[in-house]
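Read-outs: derived from the displayed coordinates by stated rules, not from any lab. The structure presented is a predicted model; accordingly, all values stated were derived computationally and were not measured. Glycine gets a Cβ as well: all are built from the backbone with ideal geometry, and neighbour counts include every protein chain shown.
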Amino acid sequence: MVQSMAGGVHKKGRGGNPNRKMLHADGRLYGKYKIKPDRQIPVEDLQAALEGRQLSSGHRPKFSKGLRDKSFLVMLFHTGARKLEPCPVYRNGQLVSPGIRKEDLVILPDKIVFQIPAFKHGVRADVLELKRDRVDVDLIVQHWQKTRKGKPLWPLSEDTAYRIVKRALGVCPHWLRHNFITTMQQRLEGTPSDVDRKIMSWTGHQQRASLDHYRMKMKKDIDEIRDVGL
């Protein structure tokens with residue numbers, strides 16, 4: 001079992017402010033306790049961002065450090081991890097979560113295998129695997145090859161992790177967690193309880209009720225009901 005660190009690993013400060021505000025594509029303010037993410041980000045937008053092309057939302061992506069930032073974005077997009085779970089986290093100068101180090105990642109011909117800490121008392125069922133034929137997963141392999149042995153792959157502060165995603169996709173990092181869980185709920189087969197169990201084993205959630213928070217309520221669903229009517 002891949003156990004979590006015991007809660008509270010996120011540092012305080014500007015990057016940890018739960019009321020940090022940002023804009024939806026349509027200009028509405030989004031904060032943790034205001035409007036939940038309501039727009040899925042397709043994999044085509046990830047590709048566009050990595051290639052420097054305009055996204056479907058109209059956002060124009062920016063990266064400050066190419067391979068490091070792009071591989072980090074790919075990791076969050078394809079795993080739904082919290083933004084600091086892949087990163088080493090310190091509290092009062094002490095390392096409380098190691099993130100993903102070079103030796104934590106195993107490169108196989110068809111996939112990459114790795115352990116990733118689960119925050120907020122979460123527990124992942126096992127190591128995670130990503131198929132290398134998924135969009136741009138090999139950027140993670142390229143970054144791994146350039147990282148020295150014993151070093152973390154993404155030694156990022158909370159603010160830096162936030163800025164990478166915000167500049168690339170125009171959304172906050174936690175949006176990608178909502179995006180991943182919502183997409184998996186649409187694609188996985190089985191009863192609702194079976195689907196939730198599968199997702200919880202990957203994300204580390206302990207309660208189905210906490211998973212409910214991540215189901216996007218999308219305006220397109222409201223529009224469809226409006227158009228169909230009774």
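Projected onto their three principal axes, the Cα atoms of the stretch 165-220 cover extents of 36, 26, 17 Å, largest first.
Around the amide H of SER97, modelled in the peptide plane, lie the amide H atoms of VAL89, all under 5 Å away and 5 or more residues distant in sequence or on another chain. Remark: TRP154, TRP144 ranked as TRP144, TRP154, counting other beta-carbon atoms within 10 Å and listing the fewest first.
Note on the stretch 67-160: Kirkwood radius taken over Cα pairs, Stokes-Einstein applied at 4 °C and 1.567 mPa s, translational D equal to 96 µm² s⁻¹. Pairs exceeding 31 Å between alpha-carbon atoms, taken from LYS102/LYS166; LYS149/LYS198; LYS62/LYS198; LYS62/LYS111: LYS149/LYS198; LYS62/LYS198.
Computed from the alpha carbon atoms alone, the convex hull of the stretch 154-193 holds 96 Å³ per residue.
In this structure, ALA125 and LYS65 have a Cβ-Cβ separation that, at R0 = 41 Å, corresponds to a calculated FRET efficiency of about 0.80.
Remark: the GLN115-LYS102 segment gains 3.6 nm on full extension, using 0.36 nm per residue and subtracting the alpha carbon distance. One chain, two ends: VAL135 and SER157. Fully extended at 0.36 nm per residue, the span grows by 5.3 nm beyond their Cα-Cα distance.
Available extension along the chain between GLN54 and ASN92 is 9.6 nm, counting 0.36 nm per residue and deducting the alpha carbon span.
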